[in-house]
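Below you'll find the structure, written out as structure tokens, and then a few comments.
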Amino acid sequence: MSVFPSSEMAVKVFSSLFAVLLEDDDFVARARQEGLSVRLVHTKPDCEIFVAPQGLRIGEEQAGPAAITLRMSCDTAHALWMGQLMVPVAIATGRLRIRGKVAKVLELVPMLRPAFDRYPEIAAAAGIAA
Amino acid sequence: MNTALSESVSEAALNFDVLPNGVEQFREAAKEFARNVVKPRVQELDQKPAAHFDWDLVGHGHRVGLTRAAIPKEYGGLGVGMLGVATALEEVAAVCPGTALIFGATLLGQAPVLLSGDPRLQARFLPLFSGDEPVLACNAVTEEDAGCDLIVPSQAEHARNVTTARRDGDEYVLTGRKRFITNAKVAAFASVFANMAGSPGATGLTSFIVPLDLPGVVRGPVADKMGYRACLGSELEFHDVRVPAEYMIGAEGEGMAINMAQSNMARAAVAGISTGVARSALEQAIAWCGERVQGGRHLKDQQFTAAKLAGMAAKVDAARLLYLRAADKVDNELPPPVYEPAAAKLFADRTAIDVAETALSLLGARGYLRSYGVEKMMRDALGTRIYEGTPEVLALAVTDSLYAEKDEW
């Protein structure tokens, strides 16, 4: 059973998480400079989020063309953000699949640090177990 | 055809002759390096004792960017991706595949650091490659009794590797011996795969970055090879080498997946090397058959020879198209795809052997002479099919892909 009981809960947690990134001036400046936009397709339960320097958009129909698309289950996302699953392992085992310029992806990962730092607190506040 | 459809077809048209700007510039720079620096030394490099290594040559390649092509720009690299690496290595391999492999093996050693997504690890190891002096890396997988079985997950349980790692406080202690490791003699660090002590076979395979100046590392004797003599293949021994825990890539027991991802990335570039060997042999054959007259006609105008030349040319083109597609996919997908790089390497390796053998035959006695260089291509072509997956292992990878469920996107 997924750690997320519903799509609504997944949207709530992950949109809060990416809002953290959009509050980070360095991230926004770098994302703008690199023309970085990210489409996150979560499954089980379904939850799709589009992140660009201009803001967040929720839902498949709201997602525009993105420089990078990430696809993973909500459980994988939870394990990644909690630091229980390492990025290279998630990628190498195919639990996290990515389309887009790999060079941009490699630049993106270190920029996600603020989100990694805040996720446990955001998940706990939403009642999501570690 | 209506206008809208016509426009969309036009936008979608493939262009097989134009590479992206940065990639094309890098390919041109690599071509100049190969022509001006490598070519004058190629016979000497081939005939020197096995342990001879030309650091001056490597320095020239380093200044072109061959040691840091795949490293992101923020860490001092060129950021030209696998497409840039593969096309550049085709140019270098067309003159000397052994030289190309010095840089290819370095990329392979860097790959786990690139895949790690760990900014501390990247900041520690990647800037090494953008200094004034050349720095090389290597990838240490193969052992006396284990090689391809470390690449095929279903064989992990039966793998006979003996290099082990055990956790001790904030460090891992590595013990064992690797064999046939390109650049081991000259690299600053190695990507090392070791099995967690107590795990059967390679089921506990774990990836580490190991600086080769750590106490307990011994660089063994250089192997005396049939070809690829410009680069050094040697043993690498680990006698209770203490590696900081933060130099582990991913997690304990996840080395098989890391190794596969790394190999899938690298195979497109190796296919570029094989294509370079084949292209060079083809060029020699074209030149010779265009000037040699027999029975009042050039060789190229004799049907039996023409058929050979046509077949060689088609194979070289096909090999190139396969590796370009593979490299482009590697640059745009994570995890790196299995099928395209494996199919590209499988085909390009065979092409290199077939084309070099045919060229050797068409040149007659000259093909057998060292001075013409075709016999060297034959020797080198036979080497390319071994590293980064033999034809037998690549066939398994390709066939597994044929039966695998397609990814949903």
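Here are a few things to note about the model shown:
- Inter-chain Cβ neighbour count for B:327-336, averaged per residue, equals 5 (cutoff 10 Å, partner chain atoms only).
- The modelled label-to-label distance between B:D145 and B:E157, using points 7 Å beyond Cα along the C-beta direction, is 1.9 nm.
- Between B:M226 and B:A314, residue separation times 0.36 nm minus the direct Cα-Cα distance comes to 28.9 nm.
- In this simple spin-label approximation, A:A29 and B:R242 carry label points 7 Å from Cα along the Cα→Cβ vector, and these lie 4.1 nm apart.
- Applying 1/(1 + (r/R0)^6) with r as the Cβ-Cβ distance of B:L402 and B:L321 and R0 = 22 angstrom yields a FRET efficiency of 0.65.
- Highest mean first, the peptides B:382-390, B:94-102, B:65-73, B:289-297 sorted by other C-beta atoms within 10 Å per residue fall in the order B:94-102, B:65-73, B:382-390, B:289-297.
- The spacing between the range A:94-130 and the range B:315-362, judged by their C-alpha centroids, is 35 Å.
- Fewest-first ranking of B:V85, A:V109, B:V218, using other Cβ atoms within 10 Å as the exposure measure: B:V218, A:V109, B:V85
- Sparsely packed trypsin sites (Lys or Arg not before Pro) within the range B:83-189, loop by DSSP, other Cβ within 10 Å at most 11: none
- For A:65-72, mean number of other protein chain Cβ atoms within 10 Å: 1
- Distance-filtered residues of the range A:70-99 - backbone nitrogen under 11 Å, label point 7 angstrom along A:E60 Cα→Cβ: none
- Shielding by partners - mean other protein chain Cβ count within 10 Å, residues of A:94-105: 6
- Tilt relative to chain B, helix B:391-403 - C-alpha long axis, 0 to 90 degrees, to 10: 80
- Rounded if a/c under 1.5, otherwise prolate or oblate - the range A:7-124, Cα gyration tensor axes: rounded
- Calculated mean residue ellipticity, 222 nm, chain B: -15500 deg cm²/dmol, from DSSP H runs (n ≥ 4) at -39500 (n - 2.57) each, averaged per residue and rounded to 500.
- Spin-label model, B:E392/A:K44: points 7 Å from Cα along the beta carbon direction are separated by 3.6 nm.
- Estimated FRET transfer efficiency when R0 is 22 angstrom, pair B:A251-B:D168 (beta carbons, to 0.05): 0.80
- Per-residue Cβ neighbour rank within 10 angstrom, fewest leading, B:Y75, B:Y323: B:Y75, B:Y323
- In plain terms, the chain from B:D132 to B:L369 could stretch by 81.4 nm, reckoned as 0.36 nm per residue minus the Cα-Cα distance.
Every number here is computed from the coordinates shown, using simple stated rules; none is lab data. Since we're looking at a predicted model, the values are computed, not measured. Virtual Cβ from ideal backbone geometry, glycine too; neighbours counted across all protein chains shown.
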